[in-house]
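The values are calculated or read from the model by the stated rules, or taken from the named source; none is laboratory data. Bear in mind that the values here come from a model prediction, so they are computed numbers and not experimental data. Neighbour counts are summed over all protein chains in view; Cβ atoms, including those assigned to glycine, are modelled from backbone coordinates with ideal geometry. Keep in mind that these areas ignore ligands, DNA and RNA; they rest on the heavy atoms of the full protein, side chains included. Shrake-Rupley method; radii C 1.70, N 1.55, O 1.52, S 1.80 Å.
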Amino acid sequence: TEQFSHSPYNGLVDKERLASYFGPVSQCVGKGIERKIVKDVAPDILTAFFFYPALALCNQRLYLELELNQENIDAAFELAWDAMKR
């Protein structure tokens, strides 16, 4: 994902079409803000704090020693959630 997003091919992607795939996620984040479940910050910031840590942890080249077992997955989710929740 990182490599593609920094390549010239990223410019060929239809951004509106891509945004339509993330519509449900955006709606969920918006509802979370409205209901005061998550922090009232820009949805892009919330999305970054939730998804990018997960993507980084899945990159085994960065974290050679990390075993993605259920305990570590739960801990990563809790850390991301703690960053977002009110």
For every helix of n ≥ 4 consecutive DSSP H residues, a contribution of -39,500 (n - 2.57) applies; sum these over the chain, divide by its total residues, and give [θ] at 222 nm rounded to the nearest 500 deg cm²/dmol.
-19000 deg cm²/dmol
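So for the chain, averaging the separation of alpha carbon pairs under 8 Å that are six or more residues apart and normalising by length, what relative contact order in percent results? Mind showing how you got there, number by number?
On the way: 33 pairs, mean separation 26.6, N = 86.
Here the relative contact order equals 31 percent.
Round to a whole number: what % of the accessible area of the chain belongs to carbon and sulfur, probe 1.4 Å? Show your work: numbers first, answer last.
Numbers: 4330 of 7320 Å².
Exposed carbon and sulfur together represent 59 percent of the surface.
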Run the reach check for K15 against lysines, Cα to Cα strictly under 22 Å, same-chain hits fewer than 8 apart removed. What comes back?
none
Just the number, please: Stokes-Einstein D of the range 39-86 in µm²/s, Kirkwood Rh from C-alpha pairs, 4 °C, 1.567 mPa s.
113
Suppose every Lys and Arg Cβ carries +1 and every Asp and Glu Cβ carries -1, with no other charges. What dipole size does the chain come out with about its Cα centre, to the nearest 20 debye?
420
Considering amide H positions built from the backbone, and no H for Pro or chain starts, which residues 5 or more places from V38, or on another chain, come under 5 Å of its amide H?
I33, R86
Mind checking which aspartates and glutamates have their C-alpha under 14 Å from K85, skipping anything on the same chain fewer than 8 residues away?
E34, D40
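Taking all pairs of different Cα atoms in the chain, averaging 1/r and flipping that mean, what Kirkwood radius in angstroms comes out?
On the way: mean 1/r = 0.0675 Å⁻¹.
This gives a value of 14.8 Å.
Sorted by packing (mean other beta-carbon atoms within 10 Å per residue), highest first, where do 46-59, 69-82 land?
Highest mean packing first, the order is 46-59, 69-82.
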